[in-house]
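Okay, structure first, notes after.
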Amino acid sequence: MTTAALPQPGRTKAFLRLVMIEHSVFALPFAYIASLTAMYEWDRNIHWGRLLLVTVCMVGLRTFAMAVNRIIDREIDARNPRTAQRELVTGAMSVRHAWTGALIALVVFLGAAALLNPLCLALAPVAVIPMVVYPYGKRFTNFPQAILGLAQSMGPIGGWLAISGEWSWTAVILGLAVGVWIGGFDLIYACQDVETDREIGVMSVPARFGVPAAIWGARVCHTITTALFVWYALATHAGAFFWLGLLIVAGAFLYEHTIVRPHDLSRVNRAFFSVNGFIGIALFVCALLDLVVRGLTV
């Protein structure tokens, strides 16, 4: 009995590594910003149960998306030295177990959406579609980051819907900001694989147009992101703390594009993981402070 139970923790840890669960820090703060702003506009109270369900939805959908991405890309990953140690390539995780984890995550997502409100449940399948299409994007378009951006934009929109139960164009502004932001920094990340992508036929902006074009594309994306954040701040009548957060984000973008240059990609990981993780957390903290100062009851 004891011997049979031993492999399970290993599979669980391998699955969590497979889906890079810690990267939830990129999108989750923005779903919280949308949810808390909707609560502020609704009755100025934090509804912790709904916030918990938003968390479950976000983590469930992201886990499903990452698992499916790894499953679909496992043959490409095996041919890329940077990704050749991923769990489905090395055998640390079987495809069957990866699918099991992905389907469990999907059920959890749909269950949490059903507990929120009818509109969330009705639109939940729409959120799933780009998550499945994205891994195939690099096989038919030079702009797979556009599909990734669309997928990531679902978080803030869903966070708002979870609270209000109604469609919100204000949430769409924030969703677009997040989608363009993540699509932009994925352009930078993709520069690491440009030679391998060209060799094995993977399509991407760096592979098709070159690293300098991808870096400039990322700069344009992050300029647009900043403009969308400003638009969101104006649409929600944000106060001083939120504007302070936008200044911090703008500074982080400038730093990110200072340390990553077309002919120097040595600090891509710092830009991708550290700077972008900081951006999400910093803006969330400032947004929360702003809402509390304006009357949100914690």
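The values are calculated or read from the model by the stated rules, or taken from the named source; none is laboratory data. Since this is a predicted model, take the numbers as computed values, not measurements. Using ideal geometry, Cβ is built from the backbone for each residue, glycine included, and neighbour counts are taken over all protein chains shown.
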remark   = Taking region 27-41 and keeping residues of a type outside the set (S, T, N, Q) and assigned to a helix (DSSP H, G or I) leaves L28, P29, F30, A31, Y32, I33, A34, L36, A38, M39, Y40, E41
query = Does L119 meet the test of being surrounded by 15 or more Cβ atoms within 10 Å (Cβ to Cβ) and over 19 Å from L51 (Cβ atoms)?
reply = no
query = Any residue in region 176-189 that is under 16 Å from P81 (Cα atoms) and surrounded by fewer than 24 Cβ atoms within 10 Å (Cβ to Cβ)?
reply = yes
message = If R62 satisfies all but one of (1) assigned to a helix (DSSP H, G or I); (2) within 29 Å of E199 (Cβ to Cβ), what's the number of the condition it fails?
response = (2)
ask   = Within region 6-19, is even one residue among the charged types (D, E, K, R) and closer than 19 Å to S153 by Cα?
value = no
inquiry  = Being under 20 Å from N276 (Cα atoms) and modelled with pLDDT under 95: is that true of C221 here?
reply    = no
ask   = Any idea how many residues of region 93-110 are surrounded by fewer than 16 Cβ atoms within 10 Å (Cβ to Cβ) and not hydroxyl-bearing (S, T, Y)?
value = 6
note = Residues of region 95-124 being in contact with a helix residue (DSSP H, G or I) (Cβ under 8 Å, 6 or more places away or on another chain) and among the polar types (S, T, N, Q), in sequence order, are N117
inquiry  = Checking the structure you have, find out if any residue of region 77-96 is among the charged types (D, E, K, R) and within 30 Å of G49 (Cα to Cα).
reply    = no
remark   = Checking T90, T37, T63 in turn, the sole residue that is out of contact with any Ser or Thr (no Cβ under 9 Å at 6 or more places or on another chain) and either surrounded by fewer than 14 Cβ atoms within 10 Å (Cβ to Cβ) or within 28 Å of F278 (Cβ to Cβ) (or both) turns out to be T90
task = May I ask you to list the residues in region 42-55 that are in contact (Cβ under 8 Å) with a residue 24 or more places away in the chain, assigned to a helix (DSSP H, G or I) and either aromatic (F, W, Y) or surrounded by fewer than 24 Cβ atoms within 10 Å (Cβ to Cβ) (or both)?
result = W42, R50, L53, T55
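One line per residue, one yes/no per condition, for (1) within 22 Å of A146 (Cα to Cα); (2) of a type in the set (F, W, Y):
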residue: I224; (1), (2): yes, no
residue: A233; (1), (2): no, no
residue: F242; (1), (2): no, yes
residue: T258; (1), (2): no, no
residue: H263; (1), (2): no, no
residue: V268; (1), (2): yes, no
residue: F284; (1), (2): no, yes
ask   = Only one of M20, M58 is out of contact with any Cys (no Cβ under 6 Å at 6 or more places or on another chain) and surrounded by 17 or more Cβ atoms within 10 Å (Cβ to Cβ); which?
value = M58
ask   = Taking A38 and the conditions (1) in contact with a Gly (Cβ under 6 Å, 6 or more places away or on another chain); (2) at pLDDT 95 or above, which numbered condition does it fall short on, given that it satisfies the others?
value = (1)
task = Would you mind listing the helices (runs of 4 or more DSSP H) fully within region 72-191 where at least 2 residues are touching a residue at least 24 places away in the same chain (Cβ under 8 Å)?
result = 87-90, 95-116, 118-137, 144-164, 169-190
remark   = Of the residues in region 256-291 that are modelled with pLDDT under 95 and of a type in the set (F, W, Y), the one that is nearest to A218 (Cα to Cα) is F272
